Every structure is written in C-alpha cells, then in structure tokens.
Amino acid sequence: MSSALQMVAEVEEGGGCDISLHGAPRLDDVTARWLVAYSGVGAACDDMGAALQREGIPADITFFRRPNSDEVKVLINRIRASVRRGFACQIVVNGEPRFDDDSSLWTVRYYASGEHCADAGDVLERQGTELRIAFYRIR
C-alpha cells in the first residue's frame, strides 16, 4: 500500500486530478499482481489514470478506476436499459448504490416484476459483475 500511495503522490504532482485509493490491495491469483482500486476527480483523471497504471507495472501493481457515485448511477441505468430491451421485466433500483471498501464493489438492491425476471436478474447481475457492481434482488 505504501508503494501505491507513493505512486499516486508522484502522478498527482502534475495536477488536474485528485486521486484517492480505496480498500486494501488484493493479490490476483491469476496474474500475481496487486489490485488497487482508485477514484479520481478532475479534468485530467483519464491521463493521470493511464500514467498511474504505467507506474504500477514494474511494481506488479494494477490500478483500476472505480466509478464515483455519479458515474455508477449512469452505468446502472445503462445496464437496466439493456436488460429492459431483452425482457418483459420491470427493474427498479431501491435506494442509492453503496460502495463497500472491503470488496471494492458497488452494491445495488433492486425490485423486479413481470415476466422472466429471474432470467433478467441473471443478465443484470452478470453485466454488473464486469463493472464491479453487485446487484441484489429484493424479494
């Protein structure tokens, strides 16, 4: 974690993005690289995120950007719209998405009603997994 914090400090020197690390680094068993979640606020975050990822390569650290609360809401709505086109199931999000620092996942609770909601829920959850968003159906 201290190496990751040092890399963030070096990258932030250029200005234009405030980077924050989230949760504890996790070791990826497949790549043997440390996974470190971060978020950024500012106009230069895309460029700084790319620089941060480059800095992590020699240290076997993979930085991945997690969406902030506004960005995750947009992603959730895109996923819901995608699922809505394929199924006759109404999906309604319950409350605000919550970020879990321990797992580096956004959690979203939802209601579903209509036809084929079990299948729609499976697709919703599968698409969310790719973006580190965990959907939980309330019954």
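The values are calculated or read from the model by the stated rules, or taken from the named source; none is laboratory data. Just so you know, these numbers come straight off a predicted model, no measurement behind them. For neighbour counting, all protein chains shown are included, and Cβ atoms are generated from backbone atoms with ideal geometry for every residue, glycine included. SASA here: full protein model, heavy atoms, side chains in, ligands and nucleic acids out. Shrake-Rupley method; radii C 1.70, N 1.55, O 1.52, S 1.80 Å.
Overview of results
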read-out	value
Matching residues, the stretch 65-97, being without any contact (Cβ under 8 Å) to a residue 40 or more places away in the chain, loosely packed, with under 13 Cβ neighbours inside 10 Å and not in a helix (DSSP H, G or I)	88, 92, 95, 96
Check on residue 88, touching a Cys at 6+ places or on another chain (Cβ under 6 Å) and over 24 Å from residue 7 (Cα atoms)	no
Residues that are part of a strand (DSSP E or B), touching a helix residue (DSSP H, G or I) at 6+ places or on another chain (Cβ under 9 Å) and surrounded by fewer than 18 Cβ atoms within 10 Å (Cβ to Cβ), drawn from the stretch 26-52	33
Number of positions in the stretch 13-25 that are in contact with a strand residue (DSSP E or B) (Cβ under 6 Å, 6 or more places away or on another chain) and either in a helix (DSSP H, G or I) or open to solvent by less than 50 Å² (accessible area, probe 1.4 Å) (or both)	7
Considering residues of the stretch 101-115 that are surrounded by 13 or more Cβ atoms within 10 Å (Cβ to Cβ) and without any contact (Cβ under 8 Å) to a residue 40 or more places away in the chain only, the residue nearest to the chain's Cα centre (by Cα)	105
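Here is a yes/no grid of residues against (1) within 18 Å of the chain's Cα centre (by Cα); (2) under 30 Å from residue 115 (Cβ atoms):
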| site | (1), (2) |
| --- | --- |
| 26 | yes, no |
| 31 | no, no |
| 56 | no, no |
| 72 | yes, yes |
